[in-house]
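The values are calculated or read from the model by the stated rules, or taken from the named source; none is laboratory data. On a predicted model such as this, the values are computed, not experimentally measured, just so you know. FYI the Cβ positions are ideal-geometry reconstructions off the backbone, even for glycines, and counts take in every protein chain you see.
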Amino acid sequence: MFKNLSPRAIGIRDLPLEGTVALAAAHGFAGIDLDIREAAALARARGLDHVRRLFADAGVRPGQWGLPVAWRDDARWRADLAELPELAALGVALGCARTSTFMPSGSDERPYAENFAWHVERFRPIAEALREQGCRLGIEFLGPKTLRARFRHEFIHTLDALLELRDAIGAGNVGVLLDAWHLYTAGGAPADVARLDARDVVVVHVNDAPAGIPRDAQIDSVRELPLATGVIDLPGFMGALRALGYDGPVTVEPFNQALDAVARDDPDRVARLVSQSLDRLWQAADLR
């Protein structure tokens, strides 16, 4: 496992790839979230070797890239799908074969069974295109009851249900973007992680939850840095991942208004705070 930086997740906006790599290197992150379309544009302008050197010279790697397919957009997703093989090949050329997306936990149009079939139909060609390039797809389920209560029809919001979707897709390269926050708000625990295989986990997010709020009342956009409150058993979560042999990126995604305010004025400070929170988590979980 390695510390991974996602600037947008900690309130840092519009930072180009060069700046993201430099920020990660300055604060001890081993990897970053990569905008694969930005990397492709830079490779076209300056060459693939330039992009590779950008990472190599800083001692930073691409940890994962967001899925560049607007798969919920009926008018756009097929055009994005046609571009996916070239973008996925670039990810592999840069040493990163992990990509991910999140999945809403409800629908106002489709009941559960119909929505399940729709997601299988939509994700299967995406997963197959990625598989041909040697890439894996992580799908994130969203756990909070307060999120799915907004929809007319509930949908997948637990780890087990997501694994059922993975099996139905059947491409062999689909797993989970496993967020400790969403596992907790869905009623899960580190013991659920222990039931997985290393190939089941593609990407990991870690956050803590505000204290004094019942699990079912937690709000997705109000989170804390790892170990800030101890509400979520993050040492146990990380220990379970270690036992699996997970070797991928671990990213903080706190959606915290106080951190966002700091990030607007002092990106270096917020990156340092996030890095220090991960250092404490590594120590608490006895990771080497």
Output the number of residues of the stretch 150-179 satisfying the condition of being part of a loop (DSSP other than H, G, I, E, B) and within 24 Å of TRP65 (Cβ to Cβ). 5
Boolean, ALA191 is in contact with a Pro (Cβ under 9 Å, 6 or more places away or on another chain), among the small types (Gly, Ala, Ser) and modelled with pLDDT of 95 or more: no
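Just to be sure I understand, how many residues within the stretch 67-112 are among the hydrophobic types (A, V, I, L, M, F, W, C), free of Cβ contacts under 8 Å to residues at least 40 places away in the same chain and farther than 20 Å from ALA56 by Cα?
Let us first name the residues in the stretch 67-112 that are among the hydrophobic types (A, V, I, L, M, F, W, C), namely 67, 69-71, 75, 77, 79, 81-82, 84, 87-90, 92-94, 96-97, 102-103.
From what's left, free of Cβ contacts under 8 Å to residues at least 40 places away in the same chain: 70, 75, 79, 82, 97.
Imposing the further condition that a residue be farther than 20 Å from ALA56 by Cα reduces the set to 70, 75, 79, 82.
Total meeting the criteria: 4.
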In the stretch 180-222, which residues are of a type in the set (Gly, Ala, Ser) and in a helix (DSSP H, G or I)? ALA180, ALA191, ALA198, ALA217
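Out of GLY11, GLY19, GLY66, GLY91, which single residue is under 24 Å from ASP260 (Cβ atoms), among the small types (Gly, Ala, Ser) and touching a strand residue (DSSP E or B) at 6+ places or on another chain (Cβ under 9 Å)?
Details: GLY11 fails: touching a strand residue (DSSP E or B) at 6+ places or on another chain (Cβ under 9 Å); GLY19 fails: touching a strand residue (DSSP E or B) at 6+ places or on another chain (Cβ under 9 Å); GLY91 fails: under 24 Å from ASP260 (Cβ atoms).
Selected residue: GLY66, the only one of GLY11, GLY19, GLY66, GLY91 that is under 24 Å from ASP260 (Cβ atoms), among the small types (Gly, Ala, Ser) and touching a strand residue (DSSP E or B) at 6+ places or on another chain (Cβ under 9 Å).
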Candidate set: the stretch 231-255, residues that are touching a residue at least 60 places away in the same chain (Cβ under 8 Å) and assigned to a loop (DSSP other than H, G, I, E, B); chosen: the one farthest from LEU142 (Cα to Cα): ASP247
Can you list residue pairs whose Cβ atoms sit under 6 Å apart, with the first residue in the stretch 144-171 being surrounded by fewer than 17 Cβ atoms within 10 Å (Cβ to Cβ) and the second being of a type in the set (A, V, I, L, M)? Count only pairs 6 or more apart in sequence or on different chains. THR146/ILE219; ALA168/VAL120
Here are some residues: ASP216, ASP233, ASP260. Which one is of a type outside the set (Gly, Ala, Ser), modelled with pLDDT under 95 and more than 18 Å from the chain's Cα centre (by Cα)? ASP260
If I filter the stretch 201-225 down to residues being without any contact (Cβ under 8 Å) to a residue 60 or more places away in the chain, surrounded by 16 or more Cβ atoms within 10 Å (Cβ to Cβ) and aliphatic (A, V, I, L, M), which single residue comes out as farthest from THR158 (Cα to Cα)? LEU225
Residue set ALA189, ALA228; condition in contact (Cβ under 8 Å) with a residue 24 or more places away in the chain, farther than 18 Å from THR158 by Cβ and of a type outside the set (Phe, Trp, Tyr); output residue ALA228
